[in-house]
1. Take residues that are surrounded by 14 or more Cβ atoms within 10 Å (Cβ to Cβ) and under 20 Å from the mean Cα position of the chain (by Cα) and tell me which of the helices (runs of 4 or more DSSP H) falling wholly in the stretch 138-254 contain 1 or more.
2. Somewhere in the stretch 42-63, is a residue within 29 Å of the chain's Cα centre (by Cα), open to solvent by 30 Å² or more (accessible area, probe 1.4 Å), without any contact (Cβ under 8 Å) to a residue 12 or more places away in the chain and under 30 Å from LYS250 (Cα atoms)?
3. Does the stretch 119-131 contain any residue that is in contact with a Ser or Thr (Cβ under 9 Å, 6 or more places away or on another chain), within 30 Å of LYS240 (Cα to Cα) and not acidic (Asp, Glu)?
4. Inspect the stretch 80-87 for any residue being closer than 30 Å to VAL141 by Cα and open to solvent by less than 50 Å² (accessible area, probe 1.4 Å) and give the result as yes or no.
5. So, in the stretch 1-15, how many residues would count as being surrounded by fewer than 14 Cβ atoms within 10 Å (Cβ to Cβ) and more than 23 Å from TYR77 (Cβ to Cβ)?
6. Show the residue pairs meeting these rules: Cβ distance below 8 Å; 6+ apart or different chains; first residue within the stretch 141-153 and on the phi < 0 side of the Ramachandran plot; second residue open to solvent by less than 50 Å² (accessible area, probe 1.4 Å) and β-branched (Val, Ile, Thr).
7. Only one of these is over 26 Å from CYS48 (Cα atoms) and either among the aliphatic types (A, V, I, L, M) or touching a strand residue (DSSP E or B) at 6+ places or on another chain (Cβ under 7 Å) (or both): LEU149, LEU129, LEU181. Name it.
Amino acid sequence: MRNEIRIAKKFCTIVDTRYQNGYYIKMQSTSKYVGYHFYVSSYFCESCATYFAILKSNKSNFIFTLEIIDREPGKRYARPKLSFEELQAEFAEHSEQFYSDRLPQALAHIACYANNGTRNAGEVVCRILAVGGYDDTWFYVSDSERRRLNTKGVRILKVLEPSEATQIKKKLQRYDELRSLVYKYKDCHFNYYDWYVYKEMQRTLKPNVLSTIITKFDEINAIVATEAEDSRCELEELQKYFDAFLEASKEEEE
C-alpha cells in the first residue's frame with residue numbers, strides 16, 4: 001500500500017491564516033462522503049505540478065475529520081472521522097491516475113532545455129535517457145514531470161515489458177553513478193609530488209620513514225587506479241548498451 005494520497009489540485013483550497021496553514025480538500029463525487037471536505041496541515045502535504053500529496057503520519061491513530069461544506073445556520077451535522085487507510089480507500093481510484101508506474105513503460109531519449117530567463121532559454125543543454133510511463137499524449141519522466149509526445153524533445157526508443165523496465169532503470173541508475181565516480185577518482189589520488197609538500201617531507205622525516213610513506217602512497221594510488229579503470233570499463237559497456245537503443249531507433253526512422 002502506498003504511503004500517500006494524491007489529489008488533483010482543483011479539489012484543494014489553500015488556507016493560510018493566523019491559526020491554520022494547510023488545505024481544505026473536497027471529497028470526490030464518487031465518495032459516500034460527497035458534499036464534505038476536510039482540513040489537512042501543510043506539514044503533511046507535498047505540492048507537485050498537478051496534485052497535492054497527503055503523506056501518511058507516523059502516528060497510527062491519526063484521523064481526518066470531515067465537515068459538511070454547505071451548512072445551514074443552527075443545524076447540527078455529523079462529522080465523520082476517517083483513518084489514513086479509510087481516507088485512502090475513498091480516493092483510491094482518483095489517486096492512482098497520478099502514478100506513472102500504472103502506465104505502459106518505455107525507454108525514451110529526452111532533450112533538456114535551458115530555462116534561465118535569458119536569450120538562451122529554450123536551447124538544448126543536454127539529452128538524457130529515462131524509463132517512464134506513457135499514454136497517448138505524455139511521457140512521464142517521473143510522477144511530477146511529464147513531456148509531450150510527438151515533439152522534437154521526446155523520442156521513444158523502446159516499449160518495455162515490466163521486468164525489462166525494472167532492469168533498465170537499474171542500469172540507468174548505475175550509469176549515472178559511474179559517470180559521477182569517474183570524475184571523482186582523481187580526488188582520491190595521493191599527490192605527494194607537490195614540490196613544497198615533498199620538500200617539507202624530506203626536511204622533516206627520516207629517510208627510511210619517508211621511503212615507507214611513499215611506498216604506501218604508491219600502493220594506495222595503484223589500488224585507486226585499478227578501481228578507476230574498472231569503473232571506466234563498466235561505464236563504457238553501459239554506454240555501448242544504451243547507444244544500441246539510439247542506433248536502432250535511428251535506423252527505424254530512416
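1. Correct list: 162-184.
2. No.
3. yes
4. Among the residues of the stretch 80-87, at least one is closer than 30 Å to VAL141 by Cα and open to solvent by less than 50 Å² (accessible area, probe 1.4 Å), which makes the answer yes.
5. Residues in the stretch 1-15 being surrounded by fewer than 14 Cβ atoms within 10 Å (Cβ to Cβ) and more than 23 Å from TYR77 (Cβ to Cβ): 5 in total.
6. Going by the 8 Å Cβ cut-off, the qualifying pairs are VAL141/ILE110; ARG147/ILE110; ARG147/VAL141; ARG147/VAL154; ARG148/VAL154; GLY153/ILE110.
7. LEU181
Yes/no per residue for (1) surrounded by 11 or more Cβ atoms within 10 Å (Cβ to Cβ); (2) among the aromatic types (Phe, Trp, Tyr); (3) within 30 Å of ARG155 (Cβ to Cβ):
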site: THR17; (1), (2), (3): no, no, no
site: TYR24; (1), (2), (3): yes, yes, no
site: MET27; (1), (2), (3): yes, no, no
site: LYS32; (1), (2), (3): no, no, no
site: PHE38; (1), (2), (3): yes, yes, no
site: SER100; (1), (2), (3): yes, no, yes
site: TYR113; (1), (2), (3): yes, yes, yes
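The values are calculated or read from the model by the stated rules, or taken from the named source; none is laboratory data. Note that this is a predicted model, so its numbers are computed, not measured. Neighbour counts are summed over all protein chains in view; Cβ atoms, including those assigned to glycine, are modelled from backbone coordinates with ideal geometry. Areas reflect the complete protein model, heavy atoms only, side chains present, ligands, DNA and RNA absent. Shrake-Rupley method; radii C 1.70, N 1.55, O 1.52, S 1.80 Å.
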